[in-house]
Amino acid sequence: MSGLGAAGGAAGPAPPAQEEGMTWWYRWLCRLAGVLGAVSCAISGLFNCVTIHPLNIAAGVWMIMNAFILLLCEAPFCCQFVEFANTVAEKVDRLRSWQKAVFYCGMAIVPIVMSLTLTTLLGNAIAFATGVLYGLSALGKKGDAISYARIQQQRQQADEEKLAETLEGEL
């Protein structure tokens, strides 16, 4: 995969995740959460399918599909025998963080809406947390105290100037 990734990286633009300022360790944390979410979805999906209730079976099948999609997007080396795995992973890497967040959280909510059980809640919790991690990375870094104090001081000066103008206008 590293040979294909290097050739693909030279031909195309860098993924937006690097442009958004996501650090390497946070990117790996998101990927690890995605893989763990896929494993929990797969195991819980199998347990969910062992029932006679059709909505539970549908939720279990959806969870297994979520597991496959999460593995395909976050760890394509686990799906090396699927021909389109690297193509899908490259396209997903080009998505912005908020798009990944909406996609992963949406995928995790659907089985819970179908069948609200403890198995679906616990099975989709890590997959939903992956979406939350990507969503937090879309928000960006927290500003430092000096920049925040400077912005507050500028706002306060602007408010004082407006107050002074209104007082001058009344006199």
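The values are calculated or read from the model by the stated rules, or taken from the named source; none is laboratory data. Just so you know, these numbers come straight off a predicted model, no measurement behind them. Counting neighbours? That spans all protein chains shown, and the Cβs are built from the backbone with ideal geometry, glycine included. Heads up: the accessible areas ignore ligands, DNA and RNA and are worked out on the full protein's heavy atoms, side chains in. Shrake-Rupley method; radii C 1.70, N 1.55, O 1.52, S 1.80 Å.
For this structure, a couple of remarks:
- In terms of its Cα atoms, the stretch 41-93 spans 38, 16, 15 Å along the principal axes, sorted from long to short.
- Projecting the Cα positions of G169, Y134, G123 onto the charge dipole of the stretch 118-171 (unit charges on Cβ atoms of Lys, Arg, Asp and Glu, taken about the Cα centre) puts G123 furthest along the positive direction.
- Model label sites at W98 and R150, defined 7 Å from Cα along the beta-carbon direction, differ in position by 2.5 nm.
- Net charge of Cβ neighbours under 12 Å - reference R155; Lys, Arg +1; Asp, Glu -1: -1
- Per-residue 3J(HN,Hα) values for the stretch 128-137, derived from phi via the Karplus relation 6.51 cos²θ - 1.76 cosθ + 1.60 with θ = phi - 60°, read 5, 5, 4, x, 5, 4, 5, x, 5, 5 Hz in sequence order (x marks Gly and Pro).
- Cα-based equivalent ellipsoid of the stretch 114-171: semi-axis lengths in Å, sorted from largest, via gyration tensor: 50, 17, 7
- Each 10 Å bin, from zero up to the one with the longest distance, holds this percent of the alpha carbon pairs of the stretch 83-144: 22, 38, 30, 9, 1.
- Rolled with a 1.4 Å probe across the full set of protein chains, the surface gives F47 an accessible area near 150 Å².
- Accessible surface of the stretch 44-87 [probe 1.4 Å, protein heavy atoms]: carbon and sulfur percent: 76
- List I69, I57, I43, ordered by accessible area with a 1.4 Å probe, largest first: I43, I57, I69
- Positive minus negative residues near E74 (Lys, Arg vs Asp, Glu; Cβ under 12 Å): +2
- Student exercise, the stretch 38-171 dipole from Lys, Arg, Asp, Glu Cβ charges, in Debye to nearest 20: 600
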